[in-house]
Amino acid sequence: MTDVVVTGFGVRTAFGDGADALRSGVFAGRAGFGPIERFDTAGLRTSVAACGPGTDTPPLRAALTAVADAAVAMAGLPPGRDTAVLAGAAGDFTAVTAFWASGDTSRVEDTVASGFADALAARLGARGPRTTFTTACVASASALVHGCRLIAAGVVDSAVCAGGYLVEPENQAKFDAGRALARDGVIRPFSQGRSGLLLGDGVAAVVLESGAAAARRGAEVLARVPGWGTASDAHHVARPHPRARGLVLAARAALRRSGSVDYVNAHGTGTSFNDSAETAGLRELFGAAAPDVPVSSTKSTTGHMLEGAGAVEFVVTLLALLDRTVPPTAGFTGRDPDCDLDYVPNEARTAPLRRALTVNAAFGGANTALVLERP
C-alpha cells in the first residue's frame, strides 16, 4: 500500500490563523468562548460561542480558500497537477438566513455545498477528482479519509482536504432549541458537571501526498498517516451508541493499519451521552491499557466546529506530535463516574509522542478515525 504523508496545512479558529494561534489557545488550555456579536441572540438561552474577531459572519468559501492557500504554500505543491480536492462543508448559511430574512435569492448559490470543491480546485489549479462531503460533524474528517484512500490506491499522488464551519444563527438556534448547549457557557468534556457543547469557528486544509511523490519533490514530510477508518452504527438519529460501537469499529480499522498509539484526540463534545459513550468505546478499544493512554477533547477550547471539526482536530493532533505535547481538556472540574480515563485535565503535558489517533462522530451514527505518526 502506498505511504500517505502530510506536507502542508492551514488552519483558522477563534484564536486566529496558523499553528501559533492554536498553540496559544488550544495547547495553553485557554477557552475561546465569549458573547456572540456577529448576529442577534435575543430569545436564545445560550448566546456564547468561540467566534473569531469581527461583528459579521465571514463567508465560509473565503475562509476555506485562505486555509487551502496556506496549506498549498507550506507544502510547495505546484499547480496543474492531478491533485484531488476534497471538502467537508454544509454550505454558507449566511445565504440561508439572508433569504428567509429578506427574500433575497441572489446569494442562494453560496449555500450549495458541492460548489466548494470545484471552487477550491479552480483556484489551486488542481485537475484531479473533487468531492464535497456533507456528513455533518465528520465531513472534513471524511474528506481526509477519502484522500488517504485515493493516494493509497494509487489513484492520485496528492490531495488537498479541507473543511470548515463558522458560527451562524441557523445552527446556534437549532442547538439552543435542542437544549444541547452548555448552560454555564463552558464546555467541560468528560468532567463532572458538564452540561453540553458550545459552537466555534473552525476551518482547516491539509495537503496529503504519497511518500514517493513528496520525496521526488523534496518536500518536507510533517507526519505519516498510517491508518484510517470509517463506520456507521445507525443507532439513533442524534444520540450516540451507548458503547460507541461505530467509533470502535472505525478506530479498530485505523489501528489495524498503524499499530498502537500514544494519545487520543477525542470527539469529546461535553454532552452527557457522548462523553460516557466515548469513554466506554475507548475502554473497549484499548482494553487493559486504556487508563494509560492520555485522552483529551480540544473542543473544550475551540468549541464544536461541526463540519470543520475533523480537519482542525487533525491539525491539532499533528501539532501534538510535532511539539511532543499533549493538549489539555480545559474546563475540567472533577471526575465523573462514567468517565474514568486520563483526560489531561486543564494543563498540557510533555510526552514522547510517536503516534496519535483522532476520532470524530456525527448525527446518524457516522464515525471516522485517523492515525498520525512522526516521520
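The values are calculated or read from the model by the stated rules, or taken from the named source; none is laboratory data. Note that the structure is predicted; figures quoted are calculated from it, not measured. Here the Cβ positions follow ideal geometry from the backbone for every residue, glycine too, while neighbour counts run over all protein chains shown. Just the protein is used for accessible areas: all its heavy atoms, side chains included, with ligands, DNA and RNA removed. Shrake-Rupley method; radii C 1.70, N 1.55, O 1.52, S 1.80 Å.
Entry note, the stretch 177-246: relative contact order of 17 percent, from Cα contacts under 8 Å with a spacing of 6+ residues.
Charge dipole of the stretch 231-285 (Cα centre as origin; +1 on each Lys and Arg Cβ, -1 on each Asp and Glu Cβ, all else neutral): 200 debye, rounded to the nearest 20. In summary, the convex hull built on the alpha carbon positions of the stretch 148-292 has an orientation-averaged projected area of 11.0 nm². The value obtained for the stretch 282-375, namely the Cα convex hull volume divided by the number of residues, is 115 Å³ per residue.
Can you give the charge dipole size of the chain about its Cα centre, rounded to the nearest 20 debye, using +1 on the beta carbon of Lys and Arg and -1 on the beta carbon of Asp and Glu? Let's see the in-between values first.
Details: 34 positive and 36 negative charges, 159 e Å.
The dipole magnitude comes to about 760 debye.
Note on the chain: GNM, Cα springs under 10 Å; of GLY163, GLY154, GLY218, the largest mean-square fluctuation is that of GLY218. Here's the picture: charge each Lys and Arg Cβ at +1 and each Asp and Glu Cβ at -1 in the stretch 231-319, and of HIS304, VAL261, LEU285 the one pushed furthest to the positive end of that dipole is LEU285. Dimensions of the stretch 234-305 along the principal axes, based on C-alpha atoms and rounded to the nearest Å, stand at 30, 29, 20, largest first.
A helix-only calculation puts the chain at -10000 deg cm²/dmol for mean residue ellipticity at 222 nm, using -39500 (n - 2.57) for each DSSP H run of at least four residues, averaged over all residues.
Would you mind calculating the relative contact order of the stretch 1-80 from Cα pairs under 8 angstrom and at least 6 residues apart, reporting the percent as a whole number?
Relative contact order of the stretch 1-80: 38 percent.
Screening the chain for DSSP H helices whose Cα atoms reach 18 Å or more along their own axis and whose mean Kyte hydropathy is at least 0.0 gives 60-75, 139-152, 245-258, 309-323. Among ARG217, ARG349, ARG38, the largest mean-square fluctuation in a Gaussian network model of the chain, built with springs joining Cα atoms closer than 10 Å, belongs to ARG217. Remark: the stretch 217-375 is approximated by an ellipsoid whose semi-axes, taken from the C-alpha gyration tensor as √(5λ), come to 23, 18, 15 Å, largest first. Using only the Cα atoms of the stretch 1-49, build the gyration tensor, take square roots of its eigenvalues as a ≥ b ≥ c, and label the shape rounded, prolate or oblate: rounded if a/c is under 1.5, else prolate if a/b is larger than b/c, else oblate. Taking the square roots of the gyration eigenvalues as a ≥ b ≥ c, the stretch 1-49 is prolate.
For the chain, set up a GNM with springs between Cα atoms under 10 Å and report which of ALA251, ALA288, ALA75 has the largest fluctuation. Looking only at ALA251, ALA288, ALA75, the largest GNM fluctuation is found for ALA288.
Once the gyration tensor of the Cα atoms in the chain is diagonalised, the equivalent ellipsoid follows with semi-axes of 28, 27, 18 Å, ordered largest first. Considering only GLY18, LEU353, PRO242, and ranking their Cα positions along the charge dipole of the chain that arises from unit charges at the beta-carbon of Lys, Arg, Asp and Glu, the one farthest toward the positive end is LEU353.
Comparing Cα centroids, the stretch 128-160 and the stretch 308-375 end up 21 angstrom apart.
Computed in the context of the full set of protein chains, the accessible area of the chain at 1.4 Å probe radius has 52% of its extent on carbon or sulfur. Within the chain, antiparallel bridges make up roughly 70 percent of the DSSP beta bridges whose residues both belong there.
Normalised by the number of residues in the stretch 134-273, the mean separation of alpha-carbon contacts (under 8 Å, six or more apart) gives a relative contact order of 26 percent.
If you look at the Cα atoms of the stretch 106-228, you get an Rg and a Dmax of 18.2, 53 Å.
Simple point charges give the picture: +1 on the Cβ of Lys and Arg, -1 on the Cβ of Asp and Glu, and for the stretch 23-94 a dipole about the Cα centre of about 260 debye.
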